[in-house]
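No value in this document is a laboratory result; all are computed from the given coordinates. Just so you know, these numbers come straight off a predicted model, no measurement behind them. Reconstructed Cβ throughout: ideal geometry from the backbone, glycine too, with neighbour counts over all protein chains shown.
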Amino acid sequence: MLRAAVPSGLRPASHALPRAAAEAGHVLSRHHHALEDARASAAIVCDIASRTGAADLEELFLAQGLERLRLPAWSGAPDRVSRATTQVRAMGPIFDSRLRTVPDEALPDLLRWQDEGRNLPPAADADPRHPLYGQHVVFTGGLSIPRPEAKRLVAAHGGQTTSRVTAGTTIVVVGDGYTVQGPADQEQLHTNKARDALRRRDLGQPLRVLDESEFRGMLGRAWPAATEPPPTAAVRLTPER
């Protein structure tokens, strides 16, 4: 809209959101936060109206051939809830952008790229009767334990892990809240590894797709003890004033 509505001599020096917002008289202190960016964008549109002499937003939009729309609030329910979403819901309104809660640096680190970890050799003294012994295991999606720890557990029980699905893969463990549901399980699988595993299985490769609870059941008492919740879960939350 800056380019379309504002003459070149009246435009801000930069179209970058923080600088354009600053020229509109709005201080954007938390760039990339959805609500803060939306407020900055609104301030810029109001500034455009002022620069072009529009009496109000309706007049501005009409001059540009635009129709102002109000989007309804999303009220649907997802078919699946990820582990991160489940974790966040237990923390109250920490991630509610309408509230000032805790500083960014104190937020729990929930959504990080998976640390793949090393593929360790199978333990020489592993029990050959264990269900993971001799298996070739691949992990995809987030588990409730770090992936390097999951790989270590497989190796300790005589299994071999790899970082991608191959013709030799016999087990794929899927995280992110996936649960095995028979023929409909493909609808829950959103990673390339999981889909590749299903494709190979359908072509006859002897490969099992497990959810986290099944993998945990294989390990029994070897599964790590539950960890404490992140400290920010207990932070006192105060509304923005």
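Once the dipole of the stretch 136-222 is set up with Lys and Arg at +1 and Asp and Glu at -1 on Cβ about the Cα centre, which of V174, L219, V209 lies farthest towards its positive end?
Of the options given, the answer is L219.
Would you mind counting up the charge near G159? Only other residues with Cβ under 11 Å from its Cβ, with Lys and Arg at +1 and Asp and Glu at -1.
Charge balance in the 11 Å sphere: +2.
Report the calculated FRET efficiency for E23 and L120 (r = Cβ-Cβ distance, R0 = 41 Å), to the nearest 0.05.
0.15
Residue separation times 0.36 nm, minus the C-alpha to C-alpha distance between D56 and R199: what's the value?
45.8 nm
Under the Karplus relation 6.51 cos²θ - 1.76 cosθ + 1.60, θ = phi - 60°, what is the ordered set of whole-Hz ³J(HN,Hα) values for the stretch 154-160, x standing for Gly and Pro?
Once θ is set to phi - 60°, the couplings for the stretch 154-160 become 4, 4, 5, 9, x, x, 10 Hz.
Give, in nm to one decimal, the length gained when the segment between A225 and H190 is fully stretched (0.36 nm per residue of separation minus the Cα-Cα distance).
Gain on stretching A225 to H190: 9.8 nm.
At R0 = 45 Å, how high is the FRET efficiency between A38 and T162 if r is their beta carbon distance? Nearest 0.05 is fine.
0.55
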